[in-house]
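S.K.: First the structure, then my questions, so here it is.
The values are calculated or read from the model by the stated rules, or taken from the named source; none is laboratory data. The structure displayed is predicted, hence computed values, not measured ones. Here the Cβ is made from the backbone with ideal geometry for all residues, glycine too, and neighbour counts use every protein chain on show. Side chains are part of the model used for accessible areas, which takes the heavy atoms of the whole protein and leaves out ligands, DNA and RNA. Shrake-Rupley method; radii C 1.70, N 1.55, O 1.52, S 1.80 Å.
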Amino acid sequence: MRRLLSSAAAAVLVFAAGSSLAATTAAAPASGKSAVTAATVTTQLPRGVVPTHYDLAFTPDADKLTFTASVKIAVDVVKPTSTITLHAADLAFSKVEMAGVGAAKVTVDAEAQTATFTFDKPVSAGAHVLAIDYSGKIYKQAAGLFALDYDTDQGKKRALYTQFENSDARRFIPSWDEPFFKATYDVQVTVPTGQMAIGNMPIAKTEDLGGGKSKVTFATSPKMSTYLLFFGLGDFDRATAKVGDVEMGVITKKGDLAKADFALKSSGPILQWYNDYFGAPYPLPKLDHIAAPGQSQFFSAMENWGAIFYFEYALLDDPAISTQNDRENIYTTVAHEMAHQWFGDLVTMSWWDDLWLNEGFASWMEGRATEHFHPEWNTQLGAVGGREYAMGLDSLATTHPVVQHVETVDQASQAFDGITYQKGEAVIRMLEAYVGHDAWRDGVRAYIKANAHGSTQTDDLWREVEKAAGKPITAIAHDFTLQPGIPLITVDTGACAAGKTPVTLTQGEFSRDRPTKTPLAWRVPVSAQVAGSSTVAKTLVVGGKGSLSVDGCGPVIVNAGQAGYFRTLYTPKAFAGVSASFAKLPAIDQLGVMSDAWALGLNGQQAVTDALDLVMATPADADPQVWGKVAGVLTNVDGMYESAPADRAAFRKLAIARLSPVFQKVGWTAKPGETGPVATLRTTLINSLSILGDPAVIAEAKRRYAADKTDPAAVPGSLRKAILASVGRNADAAAWDALHEQAKAEKTPLIRDQLYTQLASVQDKALAAKALDLALTDEPGETLSANMISKVAQLHPDLAFDYAVAHKDAVNGKVDAASATKFIPGLARGSADPAMIGKVRAYAEANLPAGSRGEAEKSVASITDRIKARKAALPAITAWVSKKG
């Protein structure tokens, strides 16, 4: 699943009566297949009954938002039992029976999301078939079987899709809805004739039933987890390309196929490359990429085996609005979801404790694929930004280990976060660098081969990589995945002698809210090199101490290449040398050094102005992504001044002066042959200078927006989002009303959604309140309302949170089930008002079960840290600005 950085997770589930939790670590064999079994895996259901095959037939009624179904489930019963309990949510049962046993009495536990079938006589051990007739709901948000409505020139249309990760297959099919319980599937569906039905497998047969109905039968699936099952139905177009024996497809609503061409052309080479990298060919006969209108607070794409689902903005390259950054995101999202076809689908974590095996690996693999096929995008620099996002979470007390114990569905949903994704990716990058690319790949191939069509735990991967590498990594991996937090490596350099510079390394812990805690211990792979040298020295810091002898004389860059997951703190003397050589460092080290200096400065561990000095030292010809980081630091500081308008004005003058020459060089108009990173920098600078209140940029954006109706060149598609963002952010009442009228008239979903988003991104508080009211109407659309509320929260977190609490039921009605316990408390995360801490806690205590308050505590920690950082940093920054004059 491709998550959203601001996404939240999930609905509450308590254990079924009589359920038990097993320890999540089984004794592992020396090599080969994972040792996890049905008797040892974590489960929320009574043990003793295991599904092997589902034979499902159903009929959806899109108009009534209901469906009827029957399923025959082949099960293996371990020992005689009179009851069978499985997962079911919002399902109504009309008949349950088992051949040779008879009919069953049905007991539904809505809170636990289970159904228990009680038979008059025991079911004997062995193979049986459980036959169930039932009906269910079609939802309006992305959970279970759901409907998405969209506008066309011919009027409104409705399409159906499914979304089951992590635990919503039970809303569609009574099942053992846990990742370990893999089974095969036969699926048959009755649909309106002429509409396209999509499943995991190709269509085996279509039968015209008359009366405008057809019966579609899909080929039998391989063994897979319930959360990977998929169905779609609607007025679609499909284009295909043959990649070896695999039919690669893209599916869109009618008229949009051309916008999916980039994704289709990209996916073929990725599939071939993955076939080779994983050492196992993609095992299904087809792989569709399916684009759907709308949005979710939880995810942007989902790796259903053979039928990957995307919201349109994550797959369609629309020249009317897509940017270079959008195009790169499409590519990385496709690469991420396709990596899941092996890591997640073919080999699946046995329980949600090891979710990172799916998501951290797919996040890492998307980067590897993109670097391989599009080196011109220089996307390896983006790994630093992903690491920074993870560290922002991992440095607070509310963090958790990469491998975390999960007991409930709610906790499983909360596991889809920056620790699982971005920290998981960063740890993989570090370990791959430590053992070498080839050894890592060979270990991955062995892991896939040993566990294909099975389920695993994290140590199964470490065992295979360690065997392939011929060097121990499990202890290092455990340090970074079984405990939370970030190592802090303090660097002291000695005098250069005989062409070598001695370096002393001391390991502590970087924490933003627990400065006096005893540091945890890590075994930390560390690399270092003298600035300008090509020779890299490496060591493993163990027991809190380490040393290096680095070839060359001059400033030493620790974490050279930025593969390590740690913060680097230089002594003042050592940092002075690094700062002096900053302009000549590789771009990836410029990003790493600046990121560390900014984070450590905000935390009071070095001068906060050190990072601002690096901002001033950034050369004009620095990599565009380094300038993107500079812009990010400056807009971050600007946000800190929200309650100090006079000081903000002085800072903005300096910040605009720093960025304007770069923007003048890039310009509003793309130049022939310019690179992708330059195109992305253009939109970044328009956004940043608009945030900083640059009158020239704001005026030009308004001029271009006004000229759009008469001058086709005024708002090129690549700049449409940036121009709309500037106009929307700075809108007065008249401009806001004009945007609103444009949004109501727009028929293209991608452009329409962007217009409504900008209505919610306005600085004016009264207009932001108006946007909140608009979000709760039917006008924006069911899946866009929550996004609008989230956008208001970016500039007005207190306003958005208070509004959501006051309209709790209406807001929760617009939120995915998977985000319900996290959405409202998450709105407050950007606040700097001490009063919000009490408000968030009061909301959580009144409305959320104790085990579902993780997002509320994260918001409290973020607010507390923001207040502390501003109080400590702003006086020094203000003095620095004054000195710069």
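S.K.: Taking the Cα atoms only, what angle lies between the long axis of helix 765-775 and the longest principal axis of the chain, rounded to 10 degrees?
M.R.: That works out to roughly 20 degrees.
S.K.: Could you order 710, 42, 490 so the one with the most accessible surface comes first? Probe is 1.4 Å. Intermediate values should be presented prior to the final figure.
M.R.: Details: 710 125, 42 5, 490 50 Å².
In descending accessible area the options line up as 710, 490, 42.
S.K.: Given a Förster distance of 35 Å, report the FRET efficiency between residue 670 and residue 517 from their Cβ-Cβ distance, rounded to the nearest 0.05. Don't skip to the answer; put the middle values down first.
M.R.: On the way: r = 50 Å, r/R0 = 1.43.
So, using R0 = 35 Å, E works out to roughly 0.10.
S.K.: Rolling a 1.4 angstrom probe over the protein heavy atoms, how many square angstrom per residue are accessible across region 232-272? Walk me through the numbers on the way to the answer.
M.R.: Values: 1600 Å² over 41 residues.
Counting only protein heavy atoms, the per-residue value for region 232-272 is 39 Å².
S.K.: Helix 835-847 versus the longest principal axis of the chain: what is the Cα-based angle in degrees, 0 to 90, to the nearest 10?
M.R.: Between helix and principal axis, roughly 10 degrees.
S.K.: What is the packing order of peptides 222-229, 88-95, 353-360, taking the mean over residues of other C-beta atoms within 10 Å and listing the highest first?
M.R.: On the way: 222-229: 22.6, 88-95: 18.5, 353-360: 25.8.
Result, highest mean first: 353-360, 222-229, 88-95.
S.K.: If you don't mind, another one. Would any residue of region 221-237 have its amide N under 19 Å from a label point 7 Å out along Cα→Cβ of residue 207? List them or say none.
M.R.: Counting only backbone N, you get 221.
S.K.: If the chain between residue 734 and residue 276 were fully stretched, how many nm would it gain, using 0.36 nm times the residue separation less the Cα-Cα distance? Don't skip to the answer; put the middle values down first.
M.R.: Working: separation 458, 0.36 × 458 = 164.88 nm, distance 5.73 nm.
Extra length available between residue 734 and residue 276 comes to 159.2 nm.
S.K.: How far apart, in nm, are two points set 7 Å out from the Cα along the Cα-to-Cβ line at residue 241 and at residue 769?
M.R.: Between residue 241 and residue 769, the label points sit 5.3 nm apart.
S.K.: What shape does region 216-358 take by its C-alpha gyration tensor, where a ≥ b ≥ c are the square roots of the eigenvalues and a/c under 1.5 counts as rounded, a/b above b/c as prolate, and the rest as oblate?
M.R.: Values: a/c = 1.41, a/b = 1.34, b/c = 1.05.
Because its axes are fairly even, with a/c under 1.5, region 216-358 counts as rounded.
S.K.: Karplus couplings for region 422-438 from phi (6.51 cos²θ - 1.76 cosθ + 1.60, θ = phi - 60°), rounded to Hz, Gly and Pro as x?
M.R.: Calculated HN-Hα couplings, in order: 6, 5, x, 4, 5, 5, 4, 4, 5, 5, 4, 5, 6, 8, x, 4, 5 Hz.
S.K.: For the chain, give the share of DSSP beta bridges that are antiparallel, in percent and rounded to the nearest 5; count only bridges with both residues there. Don't skip to the end; give the middle numbers.
M.R.: Working: 110 of 134 bridges.
Within the chain, antiparallel bridges account for around 80 percent of the total.
S.K.: Where a ≥ b ≥ c are the square roots of the eigenvalues of the C-alpha gyration tensor, would you call region 18-172 rounded, which needs a/c under 1.5, or, failing that, prolate if a/b is larger than b/c, or oblate? List each step's numbers first, then the result.
M.R.: Values: a/c = 2.46, a/b = 1.49, b/c = 1.66.
It is oblate, given that a/c is not under 1.5 and a/b is not larger than b/c.
S.K.: Follow-up. How far, in degrees from 0 to 90, does helix 695-707 lean away from the longest principal axis of the Cα atoms of the chain, to the nearest 10?
M.R.: 40 degrees
S.K.: What is region 225-274 by shape, rounded, prolate or oblate, if you read a ≥ b ≥ c off the alpha carbon gyration tensor as root eigenvalues and call it rounded for a/c under 1.5, prolate for a/b larger than b/c, and oblate otherwise?
M.R.: Details: a/c = 2.19, a/b = 1.11, b/c = 1.97.
Oblate, because a/c is 1.5 or more while a/b does not exceed b/c.
S.K.: Rounded to the nearest Å, what's the spacing between the alpha carbon centres of region 667-704 and region 44-72? Just the number, please.
M.R.: 52 Å
S.K.: Over region 515-584, what relative contact order in percent results from Cα pairs under 8 Å that are six or more residues apart? It would help to have the intermediate numbers written out before the result.
M.R.: Values: 96 pairs, mean separation 20.9, N = 70.
Relative CO of region 515-584 lands at 30 percent.
S.K.: Just to verify a number: what accessible area does residue 106 come out at with the full protein assembly present, 1.4 Å probe, Å² rounded to tens?
M.R.: Estimated to the nearest 10 Å², residue 106 gives 50 Å².
S.K.: Percent of accessible area on region 644-788 owned by carbon and sulfur, 1.4 Å probe?
M.R.: Values: 3470 of 6020 Å².
Carbon plus sulfur share of accessible area: 58 percent.
S.K.: Return one whole number: the accessible area per residue of region 54-145 in Å², for a 1.4 Å probe. Don't skip to the answer; put the middle values down first.
M.R.: Working: 4060 Å² over 92 residues.
Ligands and nucleic acids excluded, the result is 44 Å² per residue.
S.K.: Measuring with a 1.4 Å probe in the full set of protein chains, what accessible area per residue, in whole Å², belongs to region 694-765? Before the final figure, lay out each step's value.
M.R.: Working: 3040 Å² over 72 residues.
Value for region 694-765: 42 Å² per residue.
S.K.: State, as an integer percentage, the relative contact order of the chain based on alpha-carbon contacts under 8 Å between residues 6 or more apart.
M.R.: On the way: 1820 pairs, mean separation 97.4, N = 885.
The value is 11 percent.
S.K.: How are the Cα pair distances of the chain distributed, in percent, across 10 Å bins from 0?
M.R.: P(r) for the chain, in whole percents per bin: 2, 12, 21, 26, 21, 12, 5, 1, 0.
S.K.: If R₀ is 25 angstrom, what is the calculated FRET efficiency for the pair residue 649 and residue 871, using the beta carbon separation as r and rounding to 0.05?
M.R.: The formula returns an efficiency of 0.75 here.
S.K.: Another question about this same structure. Calculated FRET efficiency, residue 703 and residue 193, Cβ-Cβ r, R0 56 Å, to nearest 0.05?
M.R.: On the way: r = 52 Å, r/R0 = 0.92.
That gives a FRET efficiency of 0.60.
S.K.: Mind listing the phi-derived Karplus ³J(HN,Hα) values for region 635-651, rounded to whole Hz, using 6.51, -1.76 and 1.60 with θ = phi - 60°, and x for any glycine or proline?
M.R.: 6, 5, 4, 4, x, 5, 8, 4, 9, 9, x, 5, 5, 5, 4, 5, 5
S.K.: Taking amide H atoms as placed 1.01 Å from N in the peptide plane, list the residues 5 or more away in sequence, or in a different chain, whose amide H sits under 5 Å from that of residue 214.
M.R.: Long-range HN contacts for residue 214: 191, 193, 209.
S.K.: Which aspartates and glutamates, if any, have their Cα less than 14 Å from the Cα of residue 64, not counting same-chain residues under 8 positions apart?
M.R.: Hits, sequence-local ones excluded: 149.
S.K.: Please state the relative contact order of region 172-286 as a whole percent: Cα pairs under 8 Å, 6+ residues apart?
M.R.: Details: 187 pairs, mean separation 27.0, N = 115.
Reported relative contact order: 23 percent.
S.K.: Convert each backbone phi in region 202-212 into a coupling constant with the Karplus relation 6.51 cos²θ - 1.76 cosθ + 1.60 (shift: θ = phi - 60°), then list the ³J(HN,Hα) values in order as whole Hz, x for Gly and Pro.
M.R.: The phi angles translate into x, 6, 8, 7, 10, 10, 7, 8, x, x, x Hz.
S.K.: Also, I was wondering about something else. Please list, ordered by chain and number, the residues whose modelled amide H lies under 5 Å from the amide H of residue 82; skip anything fewer than 5 residues away on the same chain.
M.R.: Placed amide hydrogens put 123 under 5 Å from residue 82.
S.K.: With all protein chains present, calculate the accessible area of residue 140 using a 1.4 Å probe and round the result to the nearest 10 Å².
M.R.: 60 Å²
S.K.: Given a cut-off of 24 Å, name the pairs among 137/259; 253/747; 223/253 whose C-alpha atoms lie farther apart than that in the structure shown.
M.R.: Details: 137/259 32 Å; 253/747 13 Å; 223/253 30 Å.
As for pairs spanning more than 24 Å Cα to Cα, those are 137/259; 223/253.
S.K.: Additional query: Testing the spin-label approximation: label points 7 Å from Cα along Cα→Cβ at residue 809 and residue 105. State their distance in nm.
M.R.: In this crude label model, residue 809 to residue 105 measures out at 3.5 nm.
S.K.: If the cut-off is a Cα-Cα distance under 19 Å, which aspartates and glutamates reach residue 500, setting aside same-chain residues fewer than 8 apart in sequence?
M.R.: 492, 551
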